[in-house]
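Peer 1: This is the structure I have questions about; it appears just below.
Values quoted throughout were computed directly from the atomic coordinates according to the rules given, and no laboratory measurement underlies them. What you are looking at is a predicted structure, and each value in this text was computed from that prediction instead of being measured. All Cβ positions, even for glycine, are placed from backbone atoms using ideal geometry, and neighbour counts span all protein chains on display.
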Amino acid sequence: MVLRWCLQPKIERFRVVPGVWLLGVLPQLGPGGKDTAKKLDEFSEIHGDEGVFEMNLAGSRLVVCCSWEAISSVLALRPFKVTKPGSLASAAHGVIEGVFFSEGDRWKRERRIMAPAFNAKNVGSYAPAISEITEKFLAALDADCKSKGETNFSELLPMYTADVLCKTAFGQSLRMLETRDSSLVKDVHALMDSLMTRMASPIPYWKIPFLGRLDGGERATKDVGKSMVALMEKQAGQVETLVEKLRKMDDKFSHEELVGNLEVLFAAGTDTTSQALSWAFYHLARLPELQQELAEEVKSLGSVLTLEQLDSLKLVSAMWLETLRVNGPAPFDFFMNQEPIKLAGRTVPPHTELWVNYRYVLKNSPEVKAKLGDDLQEFRPQRWLGPEGIIKHPPFDSLFFGHGARICLGRQLADYEGKLVLAKVLQNFVLEEWTKPPMEEFTTFVVIPATDVVIRLRRR
């Protein structure tokens, strides 16, 4: 770290976040980086008056973009002139690989194969399977309601999203909601936690023999991979499953590539949608009037809903958008430029790690205020509604999924799951008012509620 610090070339500096010698801001991010998202917002507010600032993280210079002008300049160079940083690929080595972590020609091929399985037509074909798992989720809520009058959404929702992914990908459920067996979900959490621990580590300890096993990531990956292989072996050519759609592509994955991409899909899809829904139910419990408005909108719904039927639920759609704006599971992202770029009047040399703070922009930037109002610090779903329904505000209505060619592959699936669960739960249950202190957040590889979202509920 000392050599890297001393030998780095002379560069044009941005405003620097004060930190500790060598370690920089690392101690401020908390154990395992648990306060990263919160601190990034604080740093952006204090040091980001130019829209760009920098910080030292364990000897590495990070340039952080916190204005839409700066962020859009970086995103315009994706996916080839600005890529994922080498630190992410290094941290993921031996833990997980697939389309999210790949770059260049490999990414183009993986994206081309994966993307059709997640288009609107195919997501629509998964609707019966997703609805089936949603009914099991409602049954689990009903059982909790009868036995103890409350439920732990933080425990149930990852089992729900995992069962949905198994059902849509392999045509069968692991029955996690029925058995309350969360072992596979725990493996996913261990996998994602190990990635964040590695990203926050000042040294690549996982490259040292035997030390790489200490964070549990390699073991969790093997367990998840075994589950994926076992499910594929049980599958019997069911045409409406995601795996079958991938197998029918002209350009096919090898067995290893298929398993790796399914692991990425399973890990990302389990943690992101479930955490966003946990935040949504927290907000609904603390805002009973909003909850009642939503319940009125969904009271006459049928059992299986199409994408179009869910899109017609304007307040439900607005609730989902606002949850992702305020508490999206991926509020920031990190990249690396492959050629010099200009930011805030300064030249950033190649191979600089760039962080983009999406959430700060969605809560503070003039461009977003012009479209969604000056009260961006407040949670107000109605800001997305106009006389004709949902008002489109690209790119700010999808920035929480990424941007451009590398926008989240599973966006439409996540939107369908998120709105369906909101609608079905509020059609059947009343969430009692939240009386506990406001919920804090915790940064793992995604941002999650700091404590379990446990809410009292009753049948509607």
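Peer 1: Of the listed peptides 34-43, 12-21, what is their order by residue-averaged count of other C-beta atoms within 10 Å, with the highest listed first? Let's see the in-between values first.
Peer 2: On the way: 34-43: 20.0, 12-21: 14.4.
By packing density, highest mean first, the sequence is 34-43, 12-21.
Peer 1: Run through every distinct alpha carbon pair of segment 1-73 and return the Kirkwood hydrodynamic radius in angstroms, one decimal place.
Peer 2: Numbers: mean 1/r = 0.0775 Å⁻¹.
For segment 1-73, the Kirkwood estimate is 12.9 Å.
Peer 1: Full-extension gain between residue 72 and residue 377, please, as 0.36 nm times their residue separation minus the C-alpha to C-alpha distance.
Peer 2: Working: separation 305, 0.36 × 305 = 109.80 nm, distance 2.17 nm.
Roughly 107.6 nm would be gained on extension.
Peer 1: Over segment 147-258, what portion of Cα pair distances is larger than 17 Å, expressed as a whole percent?
Peer 2: 64 percent
Peer 1: For the chain, find the longest principal axis of its Cα atoms and tell me its angle to the long axis of helix 217-234, 0 to 90°, nearest 10.
Peer 2: Tilt of helix 217-234: around 40 degrees.
Peer 1: Moving to a separate point now. Once the chain is represented by equal point scatterers at the alpha-carbon sites, with solvent omitted, what log10 I(q)/I(0) does the Debye formula produce at q = 0.08, 0.09, 0.12, 0.14 Å⁻¹?
Peer 2: -0.46, -0.59, -1.09, -1.49
Peer 1: Tell me what the chain gives for mean residue ellipticity at 222 nm when only DSSP H runs of n ≥ 4 count, each as -39,500 (n - 2.57), the sum divided by the residue total, rounded to 500 deg cm²/dmol. Working shown, then result.
Peer 2: Values: 19 runs with 230 residues, N = 460.
Mean residue ellipticity, 222 nm, calculated: -15500 deg cm²/dmol.
Peer 1: Report, in degrees rounded to the nearest 10, the 0 to 90 angle that the Cα long axis of helix 255-286 makes with the longest principal axis of the chain.
Peer 2: 70 degrees
Peer 1: Quote the FRET efficiency, to the nearest 0.05, computed for residue 181 versus residue 441 with a Förster distance R0 of 30 Å and r equal to the Cβ-Cβ distance. It would help to have the intermediate numbers written out before the result.
Peer 2: On the way: r = 28 Å, r/R0 = 0.92.
Approximately 0.65, to the nearest 0.05.
Peer 1: Sticking with this structure for a sec: Where does the charge balance sit around residue 287 when Lys and Arg score +1, Asp and Glu -1, over other residues with C-beta under 13 Å from its C-beta?
Peer 2: Residues near residue 287 contribute -4 overall.
Peer 1: Treating the angle as unsigned and between 0 and 90°, give the value, to the nearest 10°, between the Cα long axis of helix 104-114 and the longest Cα principal axis of the chain.
Peer 2: Orientation of helix 104-114: about 0 degrees from the principal axis.
Peer 1: Then there's this: For the modelled label position 7 Å from the Cα of residue 142 along Cα-to-Cβ, which residues of segment 177-204 have backbone nitrogen atoms closer than 14 Å?
Peer 2: 178
Peer 1: Tally Lys and Arg at +1 and Asp and Glu at -1 over the other residues with C-beta under 10 Å from the C-beta of residue 402: what net charge comes out?
Peer 2: Numbers: positive: 78, 406, 411; negative: 333.
With Lys, Arg at +1 and Asp, Glu at -1, the neighbours total +2.
Peer 1: How big is the C-alpha Rg of segment 337-403 next to the rule-of-thumb value 2.2 N^0.38 Å, as a ratio? Please report the intermediate quantities before stating the final value.
Peer 2: On the way: Rg = 15.6 Å, N = 67, 2.2 N^0.38 = 10.9 Å.
Computed over Cα atoms of segment 337-403, the ratio equals 1.43.
Peer 1: OK, next. How much length would be gained if the chain were fully extended between residue 109 and residue 303, taking 0.36 nm per residue of separation minus their Cα-Cα distance, in nm to one decimal?
Peer 2: Gain in length upon complete extension: 66.1 nm.
Peer 1: Full-extension gain between residue 10 and residue 342, please, as 0.36 nm times their residue separation minus the C-alpha to C-alpha distance.
Peer 2: Details: separation 332, 0.36 × 332 = 119.52 nm, distance 1.59 nm.
Gain on extension, residue 10 to residue 342, equals 117.9 nm.
Peer 1: What Kirkwood hydrodynamic radius, in Å, does segment 225-350 give when the mean of 1/r is taken over all pairs of distinct Cα atoms and then inverted? Could the numbers behind the result be given before it?
Peer 2: Working: mean 1/r = 0.0524 Å⁻¹.
Computed over segment 225-350, the radius equals 19.1 Å.
Peer 1: In addition: Rg/Rh for segment 404-460 to two decimals, with Rh computed the Kirkwood way over all alpha-carbon pairs. Please list the in-between numbers first.
Peer 2: Numbers: Rg = 15.2 Å, Rh = 14.2 Å.
That ratio equals 1.07.
Peer 1: Now a separate question. For the peptides 387-397, 68-78, 146-156, what is the packing order when you average, over each peptide's residues, the other Cβ atoms within 10 Å and list the highest mean first?
Peer 2: Details: 387-397: 13.5, 68-78: 19.6, 146-156: 16.6.
Highest to lowest by the protection proxy: 68-78, 146-156, 387-397.
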